[in-house]
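Working notes for the structure below.
The values are calculated or read from the model by the stated rules, or taken from the named source; none is laboratory data. Quantities reported herein were computed from a predicted structural model and do not represent experimental measurements. For neighbour counting, all protein chains shown are included, and Cβ atoms are generated from backbone atoms with ideal geometry for every residue, glycine included.
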Amino acid sequence: MFRIFSFFLFVSALAAEPADWIWSARYVITEDAQHRVIENGAVAIRGDRIVAVGTKAEIDARFQPKQRLDRPEAILAPGLINTHTHAAMSLFRGIADDLKLQDWLEKFIFPAEAKNVSPEFVRWGTRLGCLEMLLGGTTTFTDMYYFEDVVAEVAKEAGMRGVLGETIIGFPVADNKTPADALRFTEKYLTRFRNDPLVVAAVAPHALYTNSDETLKAARALANKYDAPLVIHLSETKKENDDALAQRHMTPTKVLDSLGVLSGRTVAAHCVWIDSADMAILKARNVGVAHCPSSNMKLASGVAPIVSMLAMDIAVGLGPDGPAGSNNDFNLFEEMDLAAKLAKVTTNDPRALPATAALEMATIRGARALGLEKEIGSLEGGKRADLIMVRIDRPNAVPLYDPISQMVYALKADDVRDVMVNGKPVVRDAKILTLNAAQILQKAAEYRVKVSASLK
């Protein structure tokens, strides 16, 4: 009998499909079209792709992995997707708080950037940002800053996925002195990272109010030439809207649409001061929206009409914005929680934005906002293997009745235990595998001294 059983195991092993990894957990949140949550589930990975998702018994019976990771006290979920941030600004974390946006920008951030931003500043600031994001379960980030080619280099070094936009702005900045220079720089950047497995190079005109119409049109043309996303701030403040209405008798959304700026892949950050007509334009143009609740609250910019956008099935993702004053961390668990609660309190309806919708914004709907829903955002066969393990054995995680509710309202960024991006483990047991954390923290301390001295 023993020989027969051993022979059966041998034959089963020969028949099993090869896999590089099997990750299994107490719950697998798929975020697929059926919104399946699989108890005692598993995911099989081969190369950079997911090949199957199912119960642990099903996956174990079908696949023979080279390596496996079993976490019986964890939730396995898609990697979180950050749809708007400025990673290198981590080195300005807390430099000026409790200010209005224009005061914060004009009196502190722009002067600090003029004196400090360089390729090496961006390199170390992005390393710090990627370190924080990966440890907190963010596997994709959408960036807008200077020297974005350096940001892309760091993203690849960290093993992190990025939609990374080179800033185009109408005054001299660290990497380019004119918009024309910025457009030329951006085209070289787009060419360099075209078809990269981790980096989606993007064009990022800062905003309507910081660029001429001609520059905005040129940025759109450049993005369309390379089928690249265009990333832009839109209707973040009431002042921005009031100025556009006074000067052009149109909202910023209508101005951009009239210029053709929204005709192509677009990610619009904030969208706080938009009306129903603006939302109709965003929907018609298939614009992705980056909702930044922490930033909008901290700067008192207002509350974006997210409930209305979701009712129209606009692709809304979540963004922490960037450390320095608008928000001082990159915590997407916090953004999920705040997005849900802010919608509830401002509509006087606890059902306005449920946990299921908040998690969707941080995963598959965020992927839609970036135009990447066929590649990331859910755990399904054929998609990129971007996964996170979140532990559920801590006091804040028990008892557990609903895994999705727990993800949004109870679990925290530091509950993330393991992270995989593009089929490669980048965090294991809450330790980064791809970056030198001690060196990054030391550099951050050195830059604090330099930045402080530059502002005196």
Count of the range 16-44 residues which are in a loop (DSSP other than H, G, I, E, B) and surrounded by 14 or more Cβ atoms within 10 Å (Cβ to Cβ): 6
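Okay, residues lined up against (1) surrounded by fewer than 23 Cβ atoms within 10 Å (Cβ to Cβ); (2) more than 23 Å from Gly423 (Cα to Cα):
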{"site": "Glu335", "(1), (2)": "no, yes"}
{"site": "Lys341", "(1), (2)": "yes, yes"}
{"site": "Val345", "(1), (2)": "yes, yes"}
{"site": "Arg351", "(1), (2)": "yes, yes"}
{"site": "Thr363", "(1), (2)": "no, no"}
{"site": "Leu370", "(1), (2)": "no, no"}
{"site": "Glu375", "(1), (2)": "yes, no"}
{"site": "Gly381", "(1), (2)": "yes, no"}
Given (1) in contact (Cβ under 8 Å) with a residue 60 or more places away in the chain; (2) within 20 Å of the chain's Cα centre (by Cα), number of the condition Ser301 does not satisfy: (2)
The range 175-204 residues that are farther than 20 Å from His84 by Cα, paired with ones that are aromatic (Phe, Trp, Tyr) and modelled with pLDDT of 95 or more (beta carbon under 6 Å, 6 or more apart): Asp175/Tyr146; Asp175/Phe147; Asn176/Phe185
Failed item in (1) under 22 Å from the mean Cα position of the chain (by Cα); (2) outside any strand (DSSP E or B); (3) among the aromatic types (Phe, Trp, Tyr), with Phe141 passing the rest: (2)
Every pair of residues 6+ apart whose Cβ atoms lie under 8 Å, when the first sits in the range 426-437 and is closer than 22 Å to Arg123 by Cβ while the second is acidic (Asp, Glu) and at pLDDT 95 or above: Val427/Asp418; Thr434/Glu157; Leu435/Glu157
Test: Arg394 is of a type outside the set (A, V, I, L, M) and more than 14 Å from Pro78 (Cβ to Cβ): yes
Given (1) crowded, with 23+ Cβ neighbours inside 10 Å; (2) in contact (Cβ under 8 Å) with a residue 40 or more places away in the chain, number of the condition Ser263 does not satisfy: (1)
Count of the range 299-309 residues which are in a helix (DSSP H, G or I) and under 20 Å from Ile232 (Cα atoms): 2
